[in-house]
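**Q** Supplied in structure tokens, the structure appears directly below.
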Amino acid sequence: MHIQTTLLAAGLLPLGYGLPRPQITYEENSGPVGGVDPPFPTFTAAAGDLRGSTNLQGGIASRPPVSGGDSAVVPDPELVNGQEADADLGLYLDFNSATPPNGPQPIRGGQGGTDPGPRTYEYEKLNSDIFAPPGTDQGDVPQAMWPLGLSHNRAGTGKESGWARQQNTDVLPAATAMAGVDMRLAPHAYRELHWHTSSEWALVLKGGVRVAVMNEDGASFVDDVTAGDVWFFPPGVPHSLQALDEGCEFLLVFDSGDFSEEDTFLATEMLLRSPKEVWAKNLQVDVSELDNIPQDQKYIFNGTPAPADIEKQNITGSAGSVSGPDAYTYHWSQQDFHNTTGGSVKILDPVTFPIAEMFSAALVVLEPGAMREVHWHTTSDEWSYFLQGSARITIFKAPEASRTFDFTAGDVGYIPQAQGHYVENTGTEDVIFLEVLQAKKFGDISASQWLALTPRQVVKDTLGLSDAVLDAQPKDKTLIKPGNVNLTAIAAGSS
Ligand SMILES: *[C@@H]1O[C@H](CO)[C@@H](O)[C@H](O)[C@H]1NC(C)=O
Ligand SMILES: *[C@@H]1O[C@H](CO)[C@@H](O)[C@H](O)[C@H]1NC(C)=O
Ligand SMILES: *[C@@H]1O[C@H](CO)[C@@H](O)[C@H](O)[C@H]1NC(C)=O
């Protein structure tokens, strides 16, 4: 039975439910057509309009029939490929083929059970490993996934000038070492001149941006960056960002889990929050020269186009300009990927981008069926972001907990230091994702390489793996493991 029909039968929904509602339009709401004539119905607590009789209390009220009322029976549950396989095999379940209300169902290898509702199917389809977890998931692992699509969006102050939304400990409490912001600037729009207490590392996702920075020595820096490029601003170092002709969207990563976009030091507020007399003295001008300063912060706002010739915006003092190892940008888009079986990887860390002294990142492409191998990071938490595709990650937390999370484009992942994990492409297109660490050098411990480089007898006595398995483990790091694009084929015995 359809869920609404079931609820209707149980008297849980008013009879008018499902019928077209009268449309109430402003300025029409007092007429006889489509509106309600005053006085509007009111409720009085004393009359008990909203409460039932005390005769409904248990022990007094008549008991409901044991059957024939509202039913929790799900008559024809629909199981998708892989759902009947052994739960510990943990195949990825693609619920897109399941048709509500018969599917999806939180069942795996006979574990779980049907779900008569209430429910929102789209969440379950996007998070099948949360809805029907692999049998190997156990215990408690803190929430490690946040979709930026669920973050509150802060609009800029100018007409369609842009927006910003963020992930921090407010929405992902376990993510204590890093936070992220996704920001959009319309063509020529600015992110207002500002600074902050955290370090900022950024990856341009779309379009182009002109950045301008000045450091403590009075050395200045201007540069243009495009999709795939990176910038870094140390704590306290003031900067500006302006979108070039086609606008831009970029991802910011901060080295503090409770960073908030709401808490940056803005140039407008800097002027507004000290006496005008002080600013007149500081700028060595008459107070009247401050008559036209903005009365409120500008944050994200529309601007005049930046001159194509960047030299026109290159202002230097006696300290000159910043370049080379001190540069605040890295043109990562021009670095080739290292291509391997199943995908590609490129790394950016302080070895080649020294100003970002604690930011180490990898951009990883996984072909369908492929997997970023099981690994962990020795000293840092990992903040990750999905640029494309769908994937899943299982986090193994000592001593005996694990949980599997699903990701799609625009989602943030967070894996605490030393906790084991993999990233498996569960979709039909390439997955592209970013891993960011707080480390001087990008690195990880590869589980299979560790097994290959540990005395054979020790591994065999401990894990019951055969010589054939251990012979197959490469002694050099592979980073990515290829696999069958049909993630349920193994259930039928053909991996
Ligand atoms: C800015 O000018 C300095 C010389 O004063 C030069 O070294 C630097 O390359 C210029 N920057 C750009 C982006 O042209
Ligand atoms: C290497 O991988 C990148 C990213 O997937 C891709 O754009 C490029 O075409 C690949 N290069 C070769 C030679 O296959
Ligand atoms: C994947 O493999 C399973 C088991 O062999 C099969 O039933 C299913 O049709 C395959 N799916 C696709 C998309 O080929």
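**Q** Can you give the accessible area of residue 121 in Å² (nearest 10), computed on protein heavy atoms with a 1.4 Å probe?
**A** 50 Å²
**Q** Region 75-136: D in µm²/s via Stokes-Einstein (Kirkwood Rh, Cα pairs, 20 °C, 1.002 mPa s)?
**A** Details: Rh = 11.3 Å.
After rounding, the answer is 190 µm²/s.
**Q** Given the C-alpha centroids of region 417-431 and region 43-95, what is the distance between them in whole angstrom?
**A** If we compute the Cα centre of each part, the gap is 36 Å.
**Q** Whole Å is fine, so just give me how far the alpha carbon centre of region 378-409 lies from that of region 448-475.
**A** 25 Å
**Q** Turning to a different aspect of this structure: Expressed in nm to one decimal, what extension gain is obtained for the pair residue 245 and residue 456 from 0.36 nm per residue of sequence separation less their Cα-Cα distance?
**A** Working: separation 211, 0.36 × 211 = 75.96 nm, distance 5.96 nm.
Additional length available on full extension: 70.0 nm.
**Q** What order do 213, 458, 171, 351 take when sorted by accessible area (1.4 Å probe), most exposed first?
**A** Values: 213 10, 458 70, 171 40, 351 105 Å².
Largest accessible area first, the list is 351, 458, 171, 213.
**Q** Something else: Keeping all protein chains in position, work out how much accessible area residue 60 exposes to a 1.4 Å probe, and write it in Å² to the nearest 10.
**A** Counting only protein heavy atoms, residue 60 exposes about 100 Å² to solvent.
**Q** Sorting 450, 279, 163, 332 by accessible area (1.4 Å probe), largest first, what list results? Don't skip to the end; give the middle numbers.
**A** Numbers: 450 145, 279 35, 163 65, 332 0 Å².
Heavy-atom accessible area, descending, gives 450, 163, 279, 332.
**Q** Please report, as a whole percent, how much of the solvent-accessible surface of region 152-320 comes from carbon and sulfur atoms (probe radius 1.4 Å).
**A** On the way: 4100 of 8060 Å².
So the carbon and sulfur contribution to the accessible surface is 51 percent.
**Q** At 7 Å along the Cα-to-beta-carbon direction for both residue 155 and residue 51, put a label point, then send me their distance in nm to one decimal.
**A** 4.3 nm
**Q** Continuing with this model, one more query. Quote the FRET efficiency, to the nearest 0.05, computed for residue 136 versus residue 263 with a Förster distance R0 of 35 Å and r equal to the Cβ-Cβ distance. Before the final figure, lay out the partial values.
**A** Values: r = 41 Å, r/R0 = 1.16.
Given R0 = 35 Å and the Cβ-Cβ separation, E is 0.30.
**Q** What distance in nm lies between label points placed 7 Å from Cα along the C-beta direction at residue 418 and residue 271?
**A** Roughly 5.1 nm, to one decimal.
**Q** Hey, another quick one. How much of residue 376 can a 1.4 Å solvent probe reach, expressed as accessible area in Å² and rounded to 10?
**A** Taking all protein chains as shown, residue 376 has close to 60 Å².
**Q** Counting only protein chains, not ligands or nucleic acids, how are 131, 254 ordered by accessible area (probe 1.4 Å), most first? Kindly include the intermediate steps, with their values, before the conclusion.
**A** Values: 131 35, 254 0 Å².
Final ranking, largest accessible area leading: 131, 254.
**Q** Please give the per residue accessible area of the chain, computed with a probe of 1.4 Å over protein heavy atoms only, in Å². Mind showing how you got there, number by number?
**A** Details: 26510 Å² over 495 residues.
Dividing the accessible area of the chain by its residue count gives 54 Å².
**Q** From the phi angles alone, apply the Karplus equation (6.51, -1.76, 1.60; θ = phi - 60°) to region 455-471 and give each ³J(HN,Hα) in whole Hz, x where the residue is Gly or Pro.
**A** Per residue, the Karplus-derived 3J(HN,Hα) values read x, 3, 4, 5, 5, 5, 5, 8, 10, x, 8, 7, 4, 4, 5, 6, 4 Hz.
**Q** At each listed q (0.07, 0.13 Å⁻¹), what is the log10 of I(q)/I(0) that the Debye formula gives for the chain modelled as equal alpha-carbon point scatterers?
**A** -0.55, -1.23
**Q** Which of rounded, prolate, oblate describes region 385-495, given a ≥ b ≥ c as roots of the alpha-carbon gyration tensor eigenvalues and a/c under 1.5 marking rounded, otherwise prolate only if a/b is larger than b/c?
**A** Details: a/c = 1.85, a/b = 1.28, b/c = 1.45.
Oblate, because a/c is 1.5 or more while a/b does not exceed b/c.
**Q** Could you calculate the FRET efficiency of residue 388 with residue 63 from 1/(1 + (r/R0)^6), where r is the beta carbon distance between them and R0 is 41 Å, rounded to 0.05? Let's see the in-between values first.
**A** Numbers: r = 56 Å, r/R0 = 1.37.
The value I calculate is 0.15.
**Q** Additional query: Can you send over the carbon and sulfur percentage of the accessible area for region 335-481, probe radius 1.4 Å, protein chains only?
**A** Of all accessible area on region 335-481, carbon and sulfur atoms account for 55 percent.
**Q** Okay, moving on. Any chance you could run the full-extension gain for residue 304 through residue 486? It's 0.36 nm times the residue separation minus the Cα-Cα distance, nm to one decimal. Numbers along the way, then the final one.
**A** Values: separation 182, 0.36 × 182 = 65.52 nm, distance 5.11 nm.
Gain on extension, residue 304 to residue 486, equals 60.4 nm.
**Q** With only alpha-carbon atoms in the gyration tensor, what are the semi-axes of the equivalent ellipsoid for region 324-424, in Å, largest first?
**A** Numbers: eigenvalues 128, 64, 28 Å².
Values for region 324-424, descending: 25, 18, 12 Å.
**Q** So, one more: For region 284-357, what does the convex hull of the Cα positions come to per residue, in cubic angstrom?
**A** Working: hull volume 17.7 nm³, N = 74.
Enclosed volume per residue, from the Cα hull, is 239 Å³.
**Q** Evaluate the distance, in nm, between pseudo-label points positioned 7 Å from the Cα of residue 97 and of residue 120 along their respective Cα→Cβ axes.
**A** Output for this residue pair reads 2.7 nm.
**Q** Further, regarding this structure: Find how many whole Å separate the alpha carbon centroid of region 332-359 from the alpha carbon centroid of region 201-280.
**A** Cα centres, region 201-280 to region 332-359: 23 Å.
**Q** How much of the accessible area of region 75-136, probe 1.4 Å, is carbon plus sulfur, in whole percent? The partial results should precede the final answer.
**A** Details: 1480 of 3070 Å².
Exposed carbon and sulfur together represent 48 percent of the surface.
**Q** Oh, and also: Let me have the 222 nm mean residue ellipticity of the chain computed from DSSP H runs of 4+ only, each contributing -39500 (n - 2.57), with the sum over all residues rounded to the nearest 500. Walk me through the numbers before you get to the answer.
**A** Details: 8 runs with 50 residues, N = 495.
So the helix-based figure for the chain works out to -2500 deg cm²/dmol.
**Q** Here is a follow-up. Would you mind checking the radius of gyration and Dmax of region 152-320 based on alpha-carbon positions, in Å?
**A** Taking only Cα atoms of region 152-320, I get Rg and Dmax of 16.5, 51 Å.
**Q** Give me the percent relative contact order of the chain, please, defined on Cα pairs under 8 angstrom at least 6 residues apart. Intermediate results must be reported in sequence, preceding the final value.
**A** Details: 1051 pairs, mean separation 66.9, N = 495.
Rounded, it is 14 percent for the chain.
**Q** Additional query: For region 75-136, what is the relative contact order in percent, using Cα pairs closer than 8 Å and at least 6 residues apart in sequence?
**A** On the way: 97 pairs, mean separation 24.0, N = 62.
Relative CO of region 75-136 lands at 39 percent.
The values are calculated or read from the model by the stated rules, or taken from the named source; none is laboratory data. Bear in mind that the values here come from a model prediction, so they are computed numbers and not experimental data. Cβ atoms come from the backbone with ideal geometry, glycine included; neighbour counts cover every protein chain shown. Areas reflect the complete protein model, heavy atoms only, side chains present, ligands, DNA and RNA absent. Shrake-Rupley method; radii C 1.70, N 1.55, O 1.52, S 1.80 Å.
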